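Written below as structure tokens is the structure these notes are about.
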Amino acid sequence: MRFCADNMIARVTLELALRKEFDYLIPPGLAEQVDVGSRVQVPLGARKVMGCVTALAEESGQVRLKPILRVIGARTLVTPNILKLARWIGQYYCCAPETALKAVLPDAVRHEQAGWRERLFVRVLPFSGDLPRLPKRQKEIFHIIEERRELPLQDLLEIADTTAATIRRLEDKGLVAVAPQISERDPYALEQILPTQPLPLNTQQERALRAITAAMDAGHPGVGRPDTELRGQGAGGKGQRVPSVFLLHGVTGSGKTEVYLQALAHALEQGKGAIVLVPEISLTPQTVERFKARFSSGPLQTLVAVLHSHLSAGERHDEWHKIREGRARIAIGARSAIFAPVEPLGLVIVDEEHEPTYKQEEAPRYHARDVAIMRGQMEGATVVLGSATPSLESYYNCAKGKYALLELPERADDKKLPVVRVVDLRQTLRRGNMIPVFSPQLKEAIAQRLERKEQVILFLNRRGYSTSLQCPLCGFVAGCPNCSVSLTYHRQEQKLRCHVCGHSESVPVVCPNGNCRNPQIRYAGLGTQKVEDLLQKLFPYARTVRMDSDALKRKEDYRRILGDFRAGKIDILLGTQMIAKGLHFPNVTLVGIIYADLALHQPDFRAGERTFQLLTQVAGRAGRGDVEGEVFVQAFTPFHPAIQFARRHDYVGFYEQELEFRQPLKYPPWSRIALLTLKGRNEEKVKFSAEYLKRELEKVLTGMKDLVLAGPAAAPLLRAETYYRYQLMLRTPRMTVLSQKLAALAASLAFPDDVALTIDIDPADLG
């Protein structure tokens, strides 16, 4: 080991996928600036690269160490706690440490060129005596400035309809000052937030809140080093209780959000901060509005920062630094908000914890819910997972005593759950030759609600106009050239589009099959665009708006449409899963689910669970006001357990039968899954590589007696974005042991240059 008497040594993880740390000398001139978590520029060969200091040392096994070139930023960006969390993510999810580090620090903060925006501000200067003689126009402008005391120069020019030269004349006379200032970019700056007060809680809400605040008061010490096993999820192990993790299982409309708000207030009273995760960006505006309204004034007043990918880089930079500087003690956002630098952290809330969108699909393939539990363990924070339809894994952990279960079985204010009516589309189909979009029952129910000036939500989880273009003569189906899927017809753009890779092409006027050329080529299937057209024909007097990713072109569209719906400017809201959860509209008395079993027969063991969750969540949008709600569920398999248990609002019944279904094959929560996918453009080469990987796995994993190895087999979607894909699935209750072995094996194996291996621990999607 080399000992440095005069210089400390910094251990640096570079922003390159090298899977190791490098030692650098800390020059005396930078000694006061370098700390664990500092961003630095260092030499690597002939290049200058960026990195993060992950440790400080006095000794190194290297000789002739090079010095750090410079430090980026005045303070550390990665806190020790977040650094510890990133190390665990790298170990558990089988990814390079530098990949994990990139995930915990947003690009807008990490990039050297990112920074605060400076704008010119005009402010009134103090003066004594009478105002000097001014031309009429200058006097008018001065009074505008005097009234506002200070405002951005650009805003003043627009308000006063003047020029910068006129403002400079006022500056020359010593009446105003024009100087640059940091101007924060607030994505919600134009929102009118009206303060709210805590609402009275019912008995169940009060009981849940007491349990959460008691855990926060007791606290628990963060561990010195992260456990390598994620104790919060999965099965097996010793069944030990995870410190202060609660599952808040409350039916839709039961007032979970009010429990969250009052628990947050308790964290603030303790001098601590909090993180609130929502599963989708689309849920953020309504959530932010409620949380800002509660904490915009009063003794617990604090800024509420928002973190999600629809913010501009500048907005993301400013929101992140509000948290880092302690000015915003509450952070709200999608999955990456779990890395918000809140210190000290008292509470983490994961709303709709069952949602698969909490799973990151690119490396590092972390699950934000599981990372939240681990961060809570490390930092002594209480974690609350909330859902009307919890994941089987979370509910199983309650049954095993790992989590504490809190239940809200009734809606707030004694409102009733909606009546759910299942319509057998097969019966409707027998009366004609075509598959109906609206059954007579649903059509009549919509007409009644419109007559009573009530609102309707219609749900179909398939966008586009038609799902395929087919020839009835030769059987040709327009398929994507890059993926193993048919193209979807989008009528407004007159395009065929692939919803996997984004490929688009013009609509043919005759069958593209050279031996056919049939001009009667037709569209099959159904998407939201076709439903929208049909609604306008059936109910021309109704104000109908479609909300899916095709319809929302600008980031403010979602907020605008929901605002119009809340204000009663929209009668029928039609959409995909972005309207299925988390929204509260008291005047919605009818929800129609057009095809309830769309996802029921996918090749995924979670298909039933996803269908049950989606139906329950969509149904929960009805009957939140004074009028009882009604839900129509149209299905071709109306007696499927997922549909029948959702009809009865019976989560426990569904959980018990689904648990029994999964046990023989050891699917979660009985075990955990690692999905290994090989992909390349040559199918035979990919298949051969998958067989080779299986043989190597069998050699390495012989000691794991509780392991189930399945495959290799073609992925459910064999070809995606021009790549063929083959998979192996491993199931075990001891995932930490397996992930360590997989990481070591992946580092030692050599595949052809054009074949890549990905390892997904606890995958949410098997496609």
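The values are calculated or read from the model by the stated rules, or taken from the named source; none is laboratory data. This structure is a prediction, so every number in the text was calculated from the model and none was measured. All Cβ positions, even for glycine, are placed from backbone atoms using ideal geometry, and neighbour counts span all protein chains on display. What goes into the accessible areas is simple: the full protein's heavy atoms, side chains included, and nothing from ligands, DNA or RNA. Shrake-Rupley method; radii C 1.70, N 1.55, O 1.52, S 1.80 Å.
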Quiz item: Taking only DSSP H segments of four or more residues, each worth -39500 (n - 2.57), what value at 222 nm results for the chain once the sum is divided by all its residues, to the nearest 500 deg cm²/dmol?
Solution: -9000 deg cm²/dmol
Quiz item: For Q536 and S297, FRET efficiency with R0 = 60 Å and r from the beta-carbon atoms, rounded to 0.05?
Solution: 0.85
Exercise. Starting from the stretch 593-690, pick out the trypsin sites (Lys or Arg not before Pro) whose DSSP state is loop and whose Cβ has at most 12 other Cβ atoms within 10 Å.
Key: R648, R681
Self-check item: Alpha carbon centroid spacing (whole Å) that separates the stretch 248-283 from the stretch 434-511
Solution: 37 Å
Exercise. Identify all lysines with a Cα-Cα distance to K687 below 16 Å; exclude those on the same chain that are fewer than 8 residues away in sequence.
Key: K679
Practice problem: Could you pull out every residue, at least 5 positions away or on a different chain, whose amide H is within less than 5 Å of the one on L766? Hs are placed 1.01 Å off N in the peptide plane, and Pro or chain starts have none. | Solution: none
Quiz prompt | Among the listed pairs K416/K443; K102/K666; K400/K666; K84/K272; K272/K741, those beyond 27 Å (Cα-Cα) | solution = K102/K666; K272/K741
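Suppose all protein chains stay in the model; what accessible area per residue would a 1.4 Å probe give for the chain, in Å²? Provide the component values of the computation, followed by the final result.
Details: 33990 Å² over 767 residues.
Heavy-atom accessible area per residue stands at 44 Å².
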Self-check item: Added length on full extension, which subtracts the Cα-Cα distance from 0.36 nm per residue, L157 to K443
Solution: 97.5 nm
Self-check item: Distance between modelled label sites at D626 and D217, nm, 7 Å Cα→Cβ extension
Solution: 3.9 nm
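Report the FRET efficiency, 1/(1 + (r/R0)^6), for E325 and D107, where r is their Cβ-Cβ distance and R0 is 22 Å, rounded to 0.05.
Values: r = 19 Å, r/R0 = 0.89.
Efficiency for this residue pair is about 0.65.
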Quiz item: Long-range amide H contacts for I349: which residues qualify at under 5 Å (H placed 1.01 Å from N, peptide plane, sequence gap of 5 or more or a different chain)?
Solution: I275, V276, L277, V384
Practice problem: Go through the stretch 466-476 residue by residue and turn each phi into a ³J(HN,Hα) via Karplus (6.51, -1.76, 1.60, θ = phi - 60°); whole Hz please, and just put x for glycine and proline. | Solution: 10, 7, 7, 10, 10, 9, x, 8, 9, x, 4
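Under a Cβ-Cβ cut-off of 14 Å, what is the net charge of the residues other than L345 that fall near it, where Lys and Arg count +1 and Asp and Glu count -1?
Values: positive: K84, K272, R324, R329, R375; negative: E343, E379.
Here the count lands on +3.
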Practice problem: Would you mind checking the radius of gyration and Dmax of the chain based on alpha-carbon positions, in Å? | Solution: 29.2, 95
Practice problem: First measure r as the distance between the Cβ atoms of R560 and N682, then evaluate 1/(1 + (r/R0)^6) with R0 = 60 Å and state the FRET efficiency to the nearest 0.05. | Solution: 0.80
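When only Cα pairs under 8 Å and 6 or more residues apart are kept, what is the percent relative contact order across the chain? Can you show the working numbers first?
Working: 1494 pairs, mean separation 89.1, N = 767.
Averaging sequence separation for qualifying contacts and normalising by length gives 12 percent for the chain.
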Self-check item: Amide H contacts under 5 Å for G479, placed H, 5+ residues apart
Solution: L487
Quiz item: Ordering F612, F636 from largest to smallest accessible area (1.4 angstrom probe), what's the sequence?
Solution: F636, F612
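Trypsin sites (Lys or Arg not before Pro), restricted to the stretch 453-530: which are DSSP loop and have at most 13 other Cβ atoms within 10 Å? All intermediate terms of the calculation are to be shown ahead of the outcome.
Numbers: sites: K453, R462, R463, R491, K495, R497, R517, R522, K530; in loops: K453, R462, R463, R491, R517.
Sparse-neighbourhood loop trypsin sites (Lys or Arg not before Pro): K453.
Where Rh denotes the Kirkwood radius from the mean inverse Cα pair distance, what is Rg over Rh for the stretch 33-179?
Details: Rg = 25.7 Å, Rh = 20.0 Å.
Rg/Rh: 1.29.
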Quiz item: Label Q41 and Q657 with points 7 Å out from Cα along Cα→Cβ: what is the distance between them in nm?
Solution: 6.4 nm
Quiz item: Label R543 and V419 with points 7 Å out from Cα along Cα→Cβ: what is the distance between them in nm?
Solution: 2.9 nm
Practice problem: Determine which lysines satisfy two conditions relative to K495: a Cα distance under 26 Å, and not lying fewer than 8 residues away in the same chain. | Solution: K530, K537, K553, K555
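At a 1.4 Å probe, what is the % contribution of carbon and sulfur to the accessible area of the chain? Walk me through the numbers on the way to the answer.
Details: 16910 of 33990 Å².
On the chain, the fraction of accessible area on carbon and sulfur atoms equals 50 percent.
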